[in-house]
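Okay, structure first, notes after.
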Amino acid sequence: MTKLTPHETWHQFDASKIQQYMDCPRKYFYRYILGWDNEITSVHLVFGEAYHIAQNYCAHNGYGNEAIMAATKLATEFYRQYFPPELDDACYPKVPSQIPVALVAYTDRFDEADEGKLEFSEVGVVAQLNNGFEVIGRMDAIRKGNGGIYGIEHKTASRKTNDKYQLSMQISLYSHVLFCYYGLEYVAGIEVREAIFSKSRGVEIESSTIR
């Protein structure tokens, strides 16, 4: 029997790894201990990352027309590394042409003047758990408004998810991170802003705050 050689990543934890273990320890073992993963690139993951790139650009440069065009260009360049234009019909609506549509819908939903001061965007975070382990992550944005410190998480989906983030390990960990960094009394919560890309309904923006 071949003995597994321990790897340093076995002792590194993030929300995805913890959630995977809670959902199915066997899948956790296959992916994070043996290192097995899908050979086929997921359009959902690639598009989600492209959308995050666009949102990160706009967080620093505003949501005007020029900023949205520049953000879309960056997102498209990333997306095209994995999916050429010939596959857009098969991948629709999670294609680059829908990113500016989503950003415009986003500006219709949220008033930039009310957003508060941007503290960090796409920032790496580390926090201690009671058992001595560390958890790592990357928060989409941290802002400071009149109500205190709050995190923003950008999500992409194909349909409404019925507040599934209320029980999300990722949101729980990011709340813990904010509590550790800023103190319980100053944290207003995590706001999940979900862009829903539908073939029949177009792009819709949903929002929920988790405290």
query: When both residues are 6+ apart or on different chains and their Cβ atoms are under 9 Å apart, which pairs have a first residue that lies in region 124-152 and is within 12 Å of Leu178 (Cα to Cα) and hydroxyl-bearing (Ser, Thr, Tyr), and a second that is open to solvent by less than 10 Å² (accessible area, probe 1.4 Å) and not in a strand (DSSP E or B)?
result: Tyr150/Leu178
- prompt: Quick one: what pairs do we get from region 80-91, first residue closer than 10 Å to Val43 by Cα, second in a helix (DSSP H, G or I), C-beta under 7 Å, 6+ apart or different chains?
  reply: Tyr82/Val46; Phe83/Val43; Phe83/Val46; Phe83/Cys91; Cys91/Val43
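List the helices (runs of 4 or more DSSP H) inside region 75-191, counting only whole elements, that have at least 1 residues being at pLDDT below 95, touching a helix residue (DSSP H, G or I) at 6+ places or on another chain (Cβ under 9 Å) and within 30 Å of Glu8 (Cβ to Cβ).
Values: elements: 88-91, 99-109, 169-182.
So the answer is 169-182.
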message: surrounded by 15 or more Cβ atoms within 10 Å (Cβ to Cβ), under 27 Å from His60 (Cα atoms) and of a type outside the set (Ser, Thr, Tyr): is that true of Ala113 in this structure?
response: no
query: Of (1) without any contact (Cβ under 8 Å) to a residue 40 or more places away in the chain; (2) open to solvent by 30 Å² or more (accessible area, probe 1.4 Å); (3) in contact with a Phe, Trp or Tyr (Cβ under 8 Å, 6 or more places away or on another chain), Val187 satisfies all except one. Which?
result: (2)
field: Members of region 157-211 found to be within 24 Å of Gln98 (Cα to Cα) and in contact with a Gly (Cβ under 6 Å, 6 or more places away or on another chain), listed by number
entry: none
task: State which residue is most open to solvent (accessible area, probe 1.4 Å) when the search covers only region 1-49 and only residues that are farther than 25 Å from Ser172 by Cα and among the hydrophobic types (A, V, I, L, M, F, W, C).
output: Met1
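Against the condition small (Gly, Ala, Ser), free of Cβ contacts under 8 Å to residues at least 40 places away in the same chain and crowded, with 18+ Cβ neighbours inside 10 Å, how does Ala71 come out, does it pass? Don't jump to the end; show me each part of the working.
Numbers: small (Gly, Ala, Ser): yes; free of Cβ contacts under 8 Å to residues at least 40 places away in the same chain: yes; crowded, with 18+ Cβ neighbours inside 10 Å: yes.
Spelling it out, Ala71 is indeed small (Gly, Ala, Ser), free of Cβ contacts under 8 Å to residues at least 40 places away in the same chain and crowded, with 18+ Cβ neighbours inside 10 Å.
The values are calculated or read from the model by the stated rules, or taken from the named source; none is laboratory data. Note that the structure is predicted; figures quoted are calculated from it, not measured. Quick reminder, even Gly has a Cβ in these numbers, built from the backbone with ideal geometry, and neighbours come from all protein chains shown. Only protein heavy atoms, including side chains, enter the accessible area calculation; ligands, DNA and RNA are left aside. Shrake-Rupley method; radii C 1.70, N 1.55, O 1.52, S 1.80 Å.
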